Structures are given as structure tokens and as C-alpha cells.
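A.B. asks: This structure is in C-alpha cells; I'll ask about it shortly.
Read the figures in this text as sums done on the coordinates, not as results from a lab. The structure displayed is predicted, hence computed values, not measured ones. A quick note on method: Cβ atoms are made from the backbone with ideal geometry, for glycine too, and the neighbour counts reach across all protein chains shown.
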Amino acid sequence: MTYKVGGVAFLLEPTSARWLPRTSFGEDGNGHPIYSAYRQYEFDWGINSPAQYNQIQTWFESVNITGSAVVDLPKYGDTTYTFQSYSGCVLREPEPNSYFVENITSVKWVITQIRT
């Protein structure tokens, strides 16, 4: 399987991707961390030409919806690299990094509100 949003596969596979640590909202009275019920997943495309970034941004705009989305990601904490569909996800806009010799050094994209 591959990464998909709303059943649409990525046009350009990311260089790397990972589950981000859950957000901590502080500690309870016993010193235990209070974590968000949701997780986040981050995609990273390494150095990109402006045309490659345009392809990522155009693809995002074509699948972006105003509500939530179903996203196919590697199953969190599984013993094998298998994909699972997560519903109710929120798509943030891809974020380009700085330019270096006419190329974008990286593009990061985060999916939020993932219930595992």
C-alpha cells in the first residue's frame, strides 16, 4: 500500500515520514503527563525543485477539504509495516523551508487529529 488522502495516492512519495510525539498539556497532581487523545503524522520531502514543490502544493489543494479526511498511514505501533485508514483527520498545509541554490531545502506536511 501507499500513502493516500481520501483514496487519492500521493503524486510524489515523501523522502521520510514519522509519527510525532503526542502533545503534552502538562502534568496532573501526581506528576503524570496529560497527553492529547490525538496523534500527528509528519511527511518530509527533502530538497525540491520549485516544480516539485508546486506538484506537492497542487496535489494538496486538489485533495484538501474543509472538514476532515480519511488518510492511509502506517498503522501506529504495529509489528509490521501495514497501512490503515484513519478517519476524522485534519490536513495542515505543506510548509516549504528556505531556498538554497534555487531549490527548496525541504517541505514538511503534518496530518493532525489522528485517533489510533
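A.B. asks: Does any residue of region 40-56 turn out to be out of contact with any helix residue (DSSP H, G or I) (no Cβ under 7 Å at 6 or more places or on another chain), touching a residue at least 40 places away in the same chain (Cβ under 8 Å) and among the acidic types (Asp, Glu)?
C.D. replies: Yes, there is a match, as at least one residue in region 40-56 is out of contact with any helix residue (DSSP H, G or I) (no Cβ under 7 Å at 6 or more places or on another chain), touching a residue at least 40 places away in the same chain (Cβ under 8 Å) and among the acidic types (Asp, Glu).
A.B. asks: From the set of residues in region 99-116 that are part of a loop (DSSP other than H, G, I, E, B) and β-branched (Val, Ile, Thr), which is farthest from Ala51 (Cα to Cα)? Before you say what the answer is, go through the steps one by one.
C.D. replies: Step one: of region 99-116, the residues part of a loop (DSSP other than H, G, I, E, B) are 101-102, 105-106, 115-116.
Okay, now just the ones that are also β-branched (Val, Ile, Thr), so 101, 105, 116.
Details: Val101: 14, Thr105: 13, Thr116: 34 Å.
Among those that are part of a loop (DSSP other than H, G, I, E, B) and β-branched (Val, Ile, Thr), it is Thr116.
A.B. asks: Could I ask something else about it? Restricting attention to region 69-108, report how many residues are without any contact (Cβ under 8 Å) to a residue 60 or more places away in the chain and surrounded by fewer than 13 Cβ atoms within 10 Å (Cβ to Cβ).
C.D. replies: 13
A.B. asks: Still on this structure: Got a number for residues in region 3-39 being under 17 Å from Cys89 (Cα atoms) and either small (Gly, Ala, Ser) or touching a residue at least 40 places away in the same chain (Cβ under 8 Å) (or both)?
C.D. replies: Taking region 3-39 as the starting set, the residues that turn out to be under 17 Å from Cys89 (Cα atoms) are 3-10, 17-23, 36-39.
Next cut, either small (Gly, Ala, Ser) or touching a residue at least 40 places away in the same chain (Cβ under 8 Å) (or both) only: 3-10, 17, 19-20, 36-39.
Number of matching residues: 15.
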